[in-house]
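What follows is one structure encoded as structure tokens, with my remarks underneath.
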Amino acid sequence: PQKSDIRPTSEKVRMAAFDILRDIKDMVFLDLFSGSGAMAIEAISRGARKAYSVENNPEHIMIIRQNIQTLEIESKVQVFPIASGTFLKKKSELLSSVNVIFLYPPYQYHDFPKVMKLVFEMYKKQKFEQLQKIVLETAVNSKIRIEDFPEIESMKKYGDTRLFIWDKNKLEKSTLDL
């Protein structure tokens, strides 16, 4: 699309994220703020059993659906045309099987900290029974206060992009009240 506001994860950052995740064969991948669906599609190409692509922008949803149809992976990528926070609240029955959560919120999305806190609250309530890692992609100049969330496993910088990684082992030891 000519005037699309989609900012797909760059190939370099996408490869780095999946290198961090290592083997995702047979895992369930949750792509919140999915944009073009590139991360969910990449997860399937790397052996994930299922991917949930959550996006509420109608133009982006159309692009995601076209991409998964072109690649003939409709049975492996389920698209949810709703806001990420709404998905977490209303589709909680799907969360127990999720192994990896990837988030790349739009720059102008000011309620993102609420969604991130919701992810961690749901983890504490044991909604994500199989969760292994959470990966957050942000711009280097993002105003997200990472100290408001549980301790990260690591942070990687790639040009003007940062990846924050939370591992279930650190999350289980976290005492941060949300």
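The values are calculated or read from the model by the stated rules, or taken from the named source; none is laboratory data. This is a predicted model, so every value here is computed, not measured. Backbone-built Cβ (ideal geometry, glycine too); neighbour counts: all protein chains shown. The protein model used for the area step is the full one, side chains on, heavy atoms only, and it has no ligands, DNA or RNA in it. Shrake-Rupley method; radii C 1.70, N 1.55, O 1.52, S 1.80 Å.
Within region 2-11, can one find any residue that is modelled with pLDDT of 95 or more and open to solvent by less than 20 Å² (accessible area, probe 1.4 Å)? Checking region 2-11: not a single residue is modelled with pLDDT of 95 or more and open to solvent by less than 20 Å² (accessible area, probe 1.4 Å).
For the structure I just gave you, tell me whether Leu94 is over 23 Å from Ser10 (Cα atoms) and open to solvent by 10 Å² or more (accessible area, probe 1.4 Å). So Leu94 passes the test.
Taking the residues in region 117-146 that are open to solvent by 40 Å² or more (accessible area, probe 1.4 Å) and in contact (Cβ under 8 Å) with a residue 60 or more places away in the chain as candidates, determine which candidate is nearest to Tyr158 (Cα to Cα). Within region 117-146, the match that is nearest to Tyr158 (Cα to Cα) is Gln132.
If you check Glu121, Glu147 for being in a helix (DSSP H, G or I) and at pLDDT 85 or above, only one passes: Glu121. Out of the residues in region 154-178 meeting the condition of being modelled with pLDDT of 80 or more, of a type in the set (D, E, K, R) and open to solvent by 80 Å² or more (accessible area, probe 1.4 Å), tell me which one is farthest from Gln130 (Cα to Cα). Checking each candidate, the answer is Asp160.
Among the residues making up region 73-111, those that are out of contact with any helix residue (DSSP H, G or I) (no Cβ under 6 Å at 6 or more places or on another chain) and in a helix (DSSP H, G or I) are Thr86, Phe87, Lys89, Lys90, Ser92, Glu93, Leu94, Leu95. Within region 43-55, track down each residue that is open to solvent by 30 Å² or more (accessible area, probe 1.4 Å) and either under 14 Å from the mean Cα position of the chain (by Cα) or polar (S, T, N, Q) (or both). The answer is Ser45, Lys50.
If only residues of region 56-66 that are of a type outside the set (A, V, I, L, M) and buried (at least 18 other Cβ atoms within 10 Å of the Cβ) are counted, the one that is nearest to Val115 (Cα to Cα) is Asn57.
Among the residues making up region 125-143, those that are of a type outside the set (Lys, Arg) and either more than 16 Å from the chain's Cα centre (by Cα) or outside any loop (DSSP other than H, G, I, E, B) (or both) are Gln126, Glu129, Ile134, Val135, Leu136, Glu137, Thr138, Ala139, Val140, Asn141, Ser142. Between Leu71, Leu88, the distinction of being free of Cβ contacts under 8 Å to residues at least 60 places away in the same chain and either open to solvent by 90 Å² or more (accessible area, probe 1.4 Å) or over 18 Å from Leu136 (Cα atoms) (or both) belongs to Leu71 only.
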